[in-house]
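*Asks:* Please read through the structure below; I'll follow up with questions.
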Amino acid sequence: MAYIKVEDNEPVEKAIKRFKKVVEKEGILREWKKREYYEKPSTIKNRKNKQLQRKKLKKLRKSQQGKAY
């Protein structure tokens with residue numbers, strides 16, 4: 001469950017913006033958006049391939065960083 005503490009002198013717009021960031025970070029909004037529209041299979045495949053490439057690069061960088069004394 002996403003929640004934020006709002007200060008007394010904080011503008012409402014700023015609090016809403018922080019709340020949106022928290023919701024997006026926790027993945028609540030993302031799951032709802034997936035059901036909102038149709039995504040072509042090729043788009044899904046491309047998105048997953050890009051995600052896999054980023055994951056491989058991150059793993060490679062971590063392994064190289066550990067070897068540098």
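The values are calculated or read from the model by the stated rules, or taken from the named source; none is laboratory data. Fair warning: this is a prediction, and the values are worked out from it, not measured in the lab. As a convention, Cβ positions derive from the backbone with ideal geometry for all residues, glycine included, and neighbour counts pool all protein chains shown. To get the accessible areas, we keep the full protein, side chains included, count just its heavy atoms, and leave off ligands, DNA and RNA. Shrake-Rupley method; radii C 1.70, N 1.55, O 1.52, S 1.80 Å.
*Asks:* Give me the distance in nm between label points sitting 7 Å out from Cα along the Cα-to-Cβ direction at ILE16 and LYS59, one decimal.
*Replies:* Result: 4.3 nm between the two label points.
*Asks:* What length, rounded to one decimal in nm, is gained on full extension from GLN51 through to GLU24, with 0.36 nm per residue of separation minus their alpha-carbon distance?
*Replies:* Additional length available on full extension: 7.9 nm.
*Asks:* Take ARG54, ARG18 and sort them by solvent-accessible surface of the protein heavy atoms, 1.4 Å probe, largest at the top.
*Replies:* ARG54, ARG18
*Asks:* Could you work out the pair-distance distribution P(r) of the chain from its alpha-carbon pairs, with 10 angstrom bin width and percents rounded to whole numbers?
*Replies:* 16, 24, 25, 24, 10
*Asks:* Using the alpha-carbon atoms, what tilt in degrees (0 to 90, nearest 10) does helix 41-67 show relative to the longest principal axis of the chain?
*Replies:* Tilt of helix 41-67: around 70 degrees.
*Asks:* Further, regarding this structure: Starting from the Cα of THR43, step 7 Å along the direction of its Cβ; do the same at GLU7; then give the gap between the two resulting points in nm.
*Replies:* The answer from the label model is 4.0 nm.
*Asks:* Per residue, how much accessible area does the chain have with a 1.4 Å probe, in Å²?
*Replies:* Computed with neighbouring chains in place, this is 107 Å² per residue.
*Asks:* Leaving out same-chain residues fewer than 8 places away, which lysines sit with a Cα under 29 Å from that of LYS20?
*Replies:* Cα-Cα hits under 29 Å: LYS5, LYS33, LYS34, LYS40, LYS45, LYS48, LYS50, LYS55, LYS58.
*Asks:* Here's something else I'd like to know. Roughly speaking, to the nearest percent, how much of the chain's 1.4 Å accessible area is carbon and sulfur?
*Replies:* 55 percent
*Asks:* Taking the Cβ of ILE4 as the center, what net charge do the other residues with Cβ under 11 Å away carry, scoring Lys and Arg +1 and Asp and Glu -1?
*Replies:* With Lys, Arg at +1 and Asp, Glu at -1, the net is +4.
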